[in-house]
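Participant: Structure provided below as structure tokens; questions to follow.
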Amino acid sequence: MKVAFVGKGGSGKTTLSALFARYLAEVAPVVAVDADINQHLGVALGLDEQAAGSVPALGEHLKAAKEFLRGTNPRIRRAAEMVKTTPPGRGSRLLSVNGDDPFHRDWAVPAGKVRLLATGPFADEDLGVSCYHAKTGAVELYLNHLLDGPGEYVVVDMTAGADSFASGLFTRFDLTFLIAEPTRRGVSVYRQYLDYARGYDVALRVIGNKVADEADIRYLRTHVGEDLLGWLTVSGYVRAAEQGHLGPLDALEPENAAVLATMRGAVDRRVKDWGTFQRQAELFHVRNALAWANTAIGIDLRGQIDLLHPRASGIGSARGARARCRLTLGPASSTALRQSRADPTLHTPDERNPTMSLDVSDELLAQAEAGEVDPAAFLDTVRTSLPYAYAMVERLAADLAAGRTADGFGFVDNSTAPETEAERGQLLRALASNAIRSSLEAHFGVALAFQNCHRLAVFPAGTEGSAQYRKFVSERAQLLNQSPLLRDC
């Protein structure tokens with residue numbers, strides 16, 4: 001299970017991360033990851049300053065990490081095309097806790113019974129020209145590719161405050177413990193974290209720390225409520241550890257040891273949800289691609305999402321029970337499609353045949369000739385062949401799911417014309433095909449409606465009979481949406 005520790009600076013977050021990792025390591029394999037800019041987890045685990053400072057920095061091995069993780073994934077041509085949010089696909093190398101891989105073999109060091117990984121501190125050359133998120137990107141890649149099983153634990157000491165929200169890293173955990181002192185500043189970070197995490201299925205429990213009396217407990221209960229899992233009292237054991245005198249775990253005060261047991265119980269009761277885990281990875285990868293990574297890398301990184309990967313879900317696919325339908329093509333049409341691909345007079349390796357609406361692989365054609373087509377494979381072909389159309393439906397579906405509809409309207413629509421005729425052609429091809437249109441509707445769990453050249457609307461699935469939908473597709477709406485500019489689209 002993947003566990004994060006967050007909280008304001010000075011809350012005891014790192015100390016409790018180390019304490020919990022050591023507690024788990026008494027009975028199970030544990031990897032601890034220091035993802036805090038201050039890099040104090042090694043010392044908190046019992047390493048001396050020199051040993052803690054010599055832990056290999058994941059940030060310095062990012063290129064090698066990417067090269068290893070990409071494996072033979074055909075969607076990633078070079079390691080340089082991987083960014084922190086790149087999800088695994090077919091051919092990618094997946095990791096196991098303490099597995100025989102560079103992360104655990106070459107870059108992790110023993111700290112008692114715990115294996116320690118570290119992002120590494122800021123170097124002199126980083127100051128003033130870099131941000132720490134570039135280093136924590138290695139942790140995000142590690143967690144994205146890690147298949148942790150029952151009774152295995154990865155404990156990550158995160159950056160202080162709400163800084164982890166600068167990426168999708170905050171969604172990579174089965175449970176997040178927020179360490180809060182019974183003070184206004186202590187609980188303010190909780191409110192901030194809760195507000196940012198809302199809508200992302202983040203499991204968050206609060207652990208009070210440095211609790212002195214019943215008044216402190218009442219304060220935490222008042223401001224945290226049911227998210228308060230437990231609290232550690234002012235601890236001589238912890239104070240000694242922070243002063244460099246790390247004692248055996250059985251010397252921890254019984255009431256504080258009981259809190260560790262409660263925390264483990266909360267982690268163990270979590271149900272591993274790989275579908276949500278992958279869906280969130282895909283979501284933040286798309287966001288990063290559109291926000292900065294496509295420009296930085298020079299390609300559309302959305303193509304790295306592999307809808308056929310065993311762990312893949314596809315953005316929005318959880319809504320689409322209709323996606324279980326099967327698609328078929330007749331043998332005559334599929335044979336003609338194969339012949340057209342093989343005919344050099346129709347297209348060359350450097351020029352896609354303009355008469356073809358999709359770039360279909362030989363594997364998918366073989367499926368069609370056999371009589372049935374995997375809907376996920378068909379959807380993936382649509383996504384890579386018609387990226388503009390796919391991205392528009394994806395964006396509108398996300399807006400609809402988030403409730404970003406105009407007042408009084410139950411749909412979201414696009415009114416922005418495409419920049420190129422090629423993009424307009426993609427949209428027209430997608431919506432002119434019943435199979436492509438049905439595939440998109442099933443995947444995103446929506447109903448599509450179309451006017452003229454680019455006004456595409458997304459309605460909730462099953463509302464095709466509603467007054468709003470009928471109005472949008474009516475003859476009157478079509479006539480009122482005319483423009484001379486749309487004459488030749």
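Participant: Kindly provide the set of residues from the range 266-275 that are open to solvent by 20 Å² or more (accessible area, probe 1.4 Å) and assigned to a helix (DSSP H, G or I), ordered by number.
Facilitator: Scanning the range 266-275 gives Asp268, Trp274, Gly275.
Participant: Just to check your reading of the model, which residue among Ala52, Ala18 is open to solvent by less than 10 Å² (accessible area, probe 1.4 Å) and touching a strand residue (DSSP E or B) at 6+ places or on another chain (Cβ under 9 Å)?
Facilitator: Just a single option satisfies the conditions, and that option is Ala18.
Participant: Picking from Ala240, Ala258, which residue would you name as being under 30 Å from Gly112 (Cβ atoms), small (Gly, Ala, Ser), modelled with pLDDT of 95 or more and in a helix (DSSP H, G or I)?
Facilitator: None of the others qualify; the one that does is Ala258.
Participant: To continue, here is another question. Among the residues of the range 175-187, count how many are surrounded by fewer than 21 Cβ atoms within 10 Å (Cβ to Cβ) and either in contact with a helix residue (DSSP H, G or I) (Cβ under 9 Å, 6 or more places away or on another chain) or modelled with pLDDT of 95 or more (or both).
Facilitator: Counting residues in the range 175-187 that are surrounded by fewer than 21 Cβ atoms within 10 Å (Cβ to Cβ) and either in contact with a helix residue (DSSP H, G or I) (Cβ under 9 Å, 6 or more places away or on another chain) or modelled with pLDDT of 95 or more (or both) gives 3.
Participant: Which of the residues that make up the range 84-100 are open to solvent by 10 Å² or more (accessible area, probe 1.4 Å) and either farther than 27 Å from Gly42 by Cβ or in contact with a Ser or Thr (Cβ under 7 Å, 6 or more places away or on another chain) (or both)?
Facilitator: Lys84, Arg90, Gly91, Ser92
Participant: If a residue has to be open to solvent by 70 Å² or more (accessible area, probe 1.4 Å) and modelled with pLDDT under 95 to count, how many in the range 101-122 make the cut?
Facilitator: Final tally of qualifying residues: 1.
Participant: For the range 369-477, give me every one of the helices (runs of 4 or more DSSP H) that falls completely inside it and has 1 or more residues that are open to solvent by 20 Å² or more (accessible area, probe 1.4 Å) and closer than 20 Å to Arg287 by Cβ.
Facilitator: In the range 369-477, 375-385, 387-401 are the helices (runs of 4 or more DSSP H) which contain 1 or more residues that are open to solvent by 20 Å² or more (accessible area, probe 1.4 Å) and closer than 20 Å to Arg287 by Cβ.
Participant: Output the number of residues of the range 21-43 satisfying the condition of being at negative phi, at pLDDT below 95, touching a strand residue (DSSP E or B) at 6+ places or on another chain (Cβ under 9 Å) and surrounded by fewer than 24 Cβ atoms within 10 Å (Cβ to Cβ).
Facilitator: Residues in the range 21-43 being at negative phi, at pLDDT below 95, touching a strand residue (DSSP E or B) at 6+ places or on another chain (Cβ under 9 Å) and surrounded by fewer than 24 Cβ atoms within 10 Å (Cβ to Cβ): 1 in total.
Participant: Being over 30 Å from Ala291 (Cβ atoms) and not charged (D, E, K, R) narrows it down to one residue among Val3, Val83, Val114; which is it?
Facilitator: Checking each option against the conditions leaves just Val114.
Participant: Could I ask something else about it? List pairs: first residue in the range 278-301 and over 17 Å from Ala79 (Cα atoms) and open to solvent by 50 Å² or more (accessible area, probe 1.4 Å), second residue outside any helix (DSSP H, G or I) and not aliphatic (A, V, I, L, M) anywhere in the structure, Cβ distance under 6 angstrom, at least six positions apart or on different chains.
Facilitator: From the range 278-301, the pairs are Arg279/Ser313.
Participant: Let me ask another. Select from the range 176-235 the residues that are of a type in the set (Gly, Ala, Ser) and outside any helix (DSSP H, G or I) and list them in ascending order.
Facilitator: Within the range 176-235, Ala180, Gly199, Ala203, Gly208, Ala212, Gly230, Ser235 qualify.
The values are calculated or read from the model by the stated rules, or taken from the named source; none is laboratory data. Just so it is clear, the model here is predicted, and its values are computed rather than measured. Every residue, glycine as well, gets a Cβ built from its backbone with ideal geometry; the counts of neighbours run over all protein chains shown. What goes into the accessible areas is simple: the full protein's heavy atoms, side chains included, and nothing from ligands, DNA or RNA. Shrake-Rupley method; radii C 1.70, N 1.55, O 1.52, S 1.80 Å.
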